[in-house]
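Values in this text are rule-based calculations from the coordinates and carry no lab data. Nothing here was measured: the structure is a model prediction, and the numbers come from that model. Neighbour counts are summed over all protein chains in view; Cβ atoms, including those assigned to glycine, are modelled from backbone coordinates with ideal geometry.
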Amino acid sequence: MEIVTPKLGLIFWQLVIFLLVLFLLAKFAWKPILVALRDREDSIDNALRMAEQAKLEMQNLKAGNEKLLADARHERDQMLKEGQNIANQLVEKAKTDATEEANRIAQQARESIQQEKNQALAEVRNTAAQLSVDIAERLLRRELADPAAQQKLVDEYLKDVKLN
Amino acid sequence: MKRLLTLLFCLCTFAGFAAEPTEGGEKEEAFNPGEMILHHIGDSHEWHWFSTDNNEFTSYLPIIAYRPGKGLSVFSSKHLIKGAEETENPAATAKTTEESEGPVYEGLRLHHEELVATDGSPVYDFSITKNIAALLGSSLLMLVLFRYIASNYAKNQGRAPKGIQSFFEPIIVFIRDEIAKKSIGPKYERYMPYLLTLFFFVWFNNLLGLTPGAANLTGNVNITFTLAIITLAVTLFSSNKNYWGHIFNTPGVPKLLLPIMIPVEVIGIFVKPFSLMVRLFANITAGHIVILSFISLIFIFRSPAVAPVSLAFGLFINVLELLVAILQAYIFTLLTAMYIGGAVEEHHHDEEHSLDLRTGHADSVIPSPTAH
């Protein structure tokens, strides 16, 4: 029964020393340790949250970039199409212009040919008339001398004319 | 107070070896295992480290006795131990009245490790006994160790723990998250210093008690009694209206039963710390007794052949005691946290009801008859 008899001295010293240890540890050990632990946990928590936020921002940024890229691509396509259209139009216009010019030149040529032809015809007509007049003149002159010779002359002249 | 403690600590002198009292002839003293075991788990006024054939290696601790009327007497326990003084102070031994009793000094002598006055007047023994010396030692160890760990936290602020700091950090975090937060709730922070000190005090002293030659501190009922009293005081001082409401007007209990319920609940207040006291004391004492009993078998059978069996069982129990050391520290701390948690709980049932209404669990709305 000795081990369960209360001893005043033990209880007294245990109370004093334990409370002293509790006070000293609470003040100089547990407080800084618990504060440091909580601070570190908070900082880790914050870091994680910030990383999450950064990830989200990054995603937003990436999405923005992609949109920008798609826009740029679209614009490029449009510009290319427009360029093609303009080129086509230019070619078409050049073609029509050229045709018109060719037609105009041909028309001009035709007109000048017609003119030349008319001129030539007029000249021929004039020459024929002159010749006829000449022949007639000579005939008239010969008839006066000899009718047989006249006939012969006419024939001759006619031959000449044919030759011409 | 601190200066006084250091002064007292200086008083306990390591006296080295003193001549063993030569027993008359080769008379074989019958081996009494019960006495040996009780001596080992009990407290004493000197710190007996070990003995060789001729010498005993003992530290004599200071005796501090208060006697009403005579005041305080402080002297080394060397004067009261039989045989310790024989060569130095023959005058003291001359006063020895009986052979079985120790020497008398300043009117005091030790009777079965108990300080008594020769004239029968009451003596209040505030001696630095073996247990108190061990208590001072372990307290100093805790102060130095945790102050060092705290300084480590200041040094690597915001960085991963290093060295001994990383060994204790998971334990501290476990006590905070698994014991304090879960058992006490949102007000846990106020009680963290007490719970941490309690846990490490019990654990360290359990382990130190297992080392050879050390004092059996946590296996001493006075120590566990004091711890339980502090827990009771903390519980009562932090109790709120809700706690007392549960004791004097337990919700959900018919009024007719109250004359029975109130005494039961009031006894419950004291039974809780009492169970704490007995649990720790009995566990640690039992472990020591079992180990010592196995060792005693060798001497009871007087045969070295028993030694391997005794040692094997002794070793097994010793390793088991290492587990019990931390387990009992955990249980003591957890139960303390639960008792405090019960005292600071706020409107437990109202919260439960509203919670149940919100989640729609109608079956769990039935109030529990008692809080614990």
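Just a few scattered comments:
- B:MET36, B:MET142 arranged by Cβ crowding within 10 Å, fewest neighbours leading: B:MET36, B:MET142
- Quarter of the Cα convex hull surface for segment A:27-132, i.e. its orientation-mean projected area (nm²): 9.5 nm²
- Across segment B:54-62, computed HN-Hα scalar couplings (Karplus, 6.51 cos²θ - 1.76 cosθ + 1.60, θ = phi - 60°) run 10, 10, 10, 9, 9, 9, 8, 9, x Hz from first to last residue, x flagging Gly and Pro.
- Between A:GLN59 and A:GLU82, full extension at 0.36 nm per residue minus the direct alpha carbon distance yields a gain of 4.9 nm.
- Label-point separation, A:MET50 to B:LEU327 (7 Å along Cα→Cβ), nm: 4.7 nm
- Extending 7 Å from the Cα toward the beta-carbon at both B:PHE167 and B:ILE300 defines two label points whose distance is 3.7 nm.
- Which of B:GLU321, B:GLU46 has the fewest Cβ neighbours within 10 Å, and the rest in rising order: B:GLU321, B:GLU46
- As a calculated quantity, the FRET efficiency between B:MET36 and B:VAL74 at R0 = 51 Å, using C-beta atoms, amounts to about 0.95.
- Between 0 and 90°, nearest 10: helix A:31-143 axis offset from chain A longest Cα axis: 0 degrees
- Extended-chain gain in nm, criterion 0.36 nm per residue less alpha-carbon gap, B:LEU143 and B:PHE313: 57.7 nm
- Per-residue [θ]222 nm for chain A (sum of -39500 (n - 2.57) over DSSP H runs n ≥ 4, rounded to 500): -34000 deg cm²/dmol
- Inter-chain shielding of A:123-130 (mean C-beta neighbours from other protein chains, 10 Å cut-off): 0
- Extension gain, B:ARG279 to B:PHE237, is 12.8 nm, computed as 0.36 nm per intervening residue step minus the present C-alpha separation.
- With a Förster radius of 56 Å applied to the C-beta separation of A:LEU69 and A:LYS31, the computed FRET efficiency comes to 0.50.
- For B:HIS48, the residues whose amide H sits under 5 Å from its own are B:SER59, ignoring neighbours fewer than 5 places away on the same chain, with H placed 1.01 Å from N.
- Residues considered: A:LEU48, A:LEU139, A:LEU69. Largest GNM mean-square fluctuation over chain A, using C-alpha springs under 10 Å, is found at A:LEU139.
- Shape call, segment B:139-211: gyration tensor on alpha carbons, a/c limit 1.5: oblate
- Cα shape, segment B:131-354, gyration tensor, a/c 1.5 rule: oblate
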